[in-house]
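Structure first, then comments.
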Amino acid sequence: MKTLIQYGIILCLAISIGITPRLFAQKLANFEGVVVFKKKGETHGIVDSVTMRLYIKGDKFMAEDVKDANQPRIIVDSKKKLIYMVTDRSHEYMQMPAPSAPPGVASKAPTKASDKQTIAGHPCEHWLEKGNDLETELWASSDIGKLSLPSGAMGVNLISSNNMAVFLKNSNLFPFLFIEKNKAGREMTRLEVMTVEKKPLAEAVFEPPQGYNKMTMPTGTLSDTPAPSAKKKK
């Protein structure tokens, strides 16, 4: 379950890059380096916490679990529209096309608040949105480049608010802190950037290592929709 949830988190990020690869490459062209973020949330009654390290270089990124080296690394190449899941302990990897997210149209943009704060060394501005079930809080900065966070996939509810997801996709903002609370004020999701480090990254970081075996992707792993099955025998 942990692996599936973590993969779903990275898949959500991959979807946003896959939608607008040229825009993503343009906005992050001047940023090359590593971002560490922590995500804690409750999805379908399951509470999960994970710290991910995200390597970014133009229209490519690689993500890995900071605390568990046995978890697969996820590589996304938005120019090629490919995702790789690399398992180092078995020297294997799986290749799959980057999925497309369903189109969304924001009915109302979030409200910009007047307060500001610095998160991980970057000045951030504040946005708020109140829905029927959740209150959403976003702290984002425009000095690092664009990163959209669309609605959850594979049962991973990264961002419930479609309006906030579309707002981020159409902005020049990088989310540094995202919080969702229910009507009772209980925190349901917290996604927070811990560190940002600018440094050159080798192209090999974003490719499956040489000598690793390519695996066949199991049916039904990437989607909540069941794969077509043969007719039942009478």
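None of the figures in this text is laboratory data; all of them are computed from the coordinates on show. Just so it is clear, the model here is predicted, and its values are computed rather than measured. So basically every Cβ, Gly included, is an ideal-geometry build from the backbone, and we count neighbours across all protein chains shown.
Structure summary
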quantity: 5 angstrom amide H check on ALA98, placed H, neighbours 5+ away; calculated: LEU82, ILE83
quantity: Fully extended contour minus Cα-Cα distance, from THR51 to LYS81, at 0.36 nm per residue; calculated: 8.3 nm
quantity: Segment 27-94: projected area of the alpha-carbon convex hull, averaged over directions, in nm²; calculated: 5.9 nm²
quantity: Neighbourhood net charge (13 Å Cβ-Cβ; Lys/Arg +1, Asp/Glu -1) for THR111; calculated: -2
quantity: Long pairs among LYS38/LYS108; LYS81/LYS112; LYS112/LYS169, criterion Cα-Cα beyond 22 Å; calculated: LYS38/LYS108; LYS81/LYS112
quantity: Segment 169-175 - phi-based ³J(HN,Hα) in whole Hz, Karplus 6.51/-1.76/1.60, Gly and Pro as x; calculated: 4, 9, 10, 10, 10, 10, x
quantity: 14 Å beta-carbon shell around PRO200, net charge (K/R +1, D/E -1); calculated: +1
quantity: In Hz, Karplus ³J(HN,Hα) per residue of segment 67-76 (6.51, -1.76, 1.60; θ = phi - 60°; x = Gly, Pro); calculated: 9, 9, 5, 7, 6, x, 8, 10, 10, 10
quantity: Length released on extending from ASN132 to ALA204, taking residue separation times 0.36 nm less the Cα-Cα span; calculated: 21.3 nm
quantity: Aspartates and glutamates whose Cα lies under 18 Å from that of LYS40, excluding same-chain neighbours fewer than 8 positions away; calculated: ASP48, GLU64, ASP65, ASP68, GLU135, GLU137, GLU180, GLU187, GLU192
quantity: Cβ-based exposure ranking for SER114, SER78, in which fewest neighbours within 10 Å come first; calculated: SER114, SER78
